Amino acid sequence: MTTKRRLITDSFKVVKRSRKGGKREKSPTPPPSPQKEADRVREEELEKLRQFDLDWSFGPCTGISRLQRWERAKLHGLNPPEEIRDLLLQTHADPEYNLGRCREVPLSCKSLFMRTIPQERGDVGSGDTRASAKNPG
């Protein structure tokens, strides 16, 4: 004999309670403050400049300013975005805008670069000059 399973709502009456304050109306969201808007615009501009730094199609960016890199890319016909140049000229006094993220070569890149330079002595592919110095023949 199987008994029908009952729901808890079959035994207890469902009562919906009204809210004490009635319906709450949503307050309009305040407009963003001018400072927050300026910070948002600055972050967007810096992000565009970071993307320019990371784009290798405009040449390497090590050791030069962003504007110098932009001018060099223009000189070589690489068609850098005019928007970047305008942004750099508008904010020429701010070092955060002018100096790119790759002013210095990171240590990991230096070690990678040093591994690709052929050694003066020994085999180019071996990378170990001590073995060839011990056994010259």
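The values are calculated or read from the model by the stated rules, or taken from the named source; none is laboratory data. In this text, all values refer to a predicted model and were calculated from it rather than measured experimentally. Glycine also receives a Cβ, built like all others from the backbone with ideal geometry; neighbour counts cover every protein chain displayed. The area values use the complete protein model at the heavy-atom level, side chains included, leaving out ligands, DNA and RNA. Shrake-Rupley method; radii C 1.70, N 1.55, O 1.52, S 1.80 Å.
General observations
- Qualifying residue in the stretch 42-53 (condition: in a loop (DSSP other than H, G, I, E, B) and either among the polar types (S, T, N, Q) or at positive phi (or both)): no
- Where C102 falls short, out of the listed (1) open to solvent by less than 60 Å² (accessible area, probe 1.4 Å); (2) under 19 Å from the mean Cα position of the chain (by Cα); (3) at pLDDT 70 or above: (3)
- Residue in the stretch 55-62 that is polar (S, T, N, Q), at pLDDT 75 or above and within 22 Å of the chain's Cα centre (by Cα) present: yes
- Subset of the stretch 58-99 [polar (S, T, N, Q) and over 26 Å from V41 (Cα atoms)]: T62
- The residue that is farthest from G100 (Cα to Cα), counting only those in the stretch 61-88 that are loosely packed, with under 14 Cβ neighbours inside 10 Å and in contact (Cβ under 8 Å) with a residue 24 or more places away in the chain, is E83.
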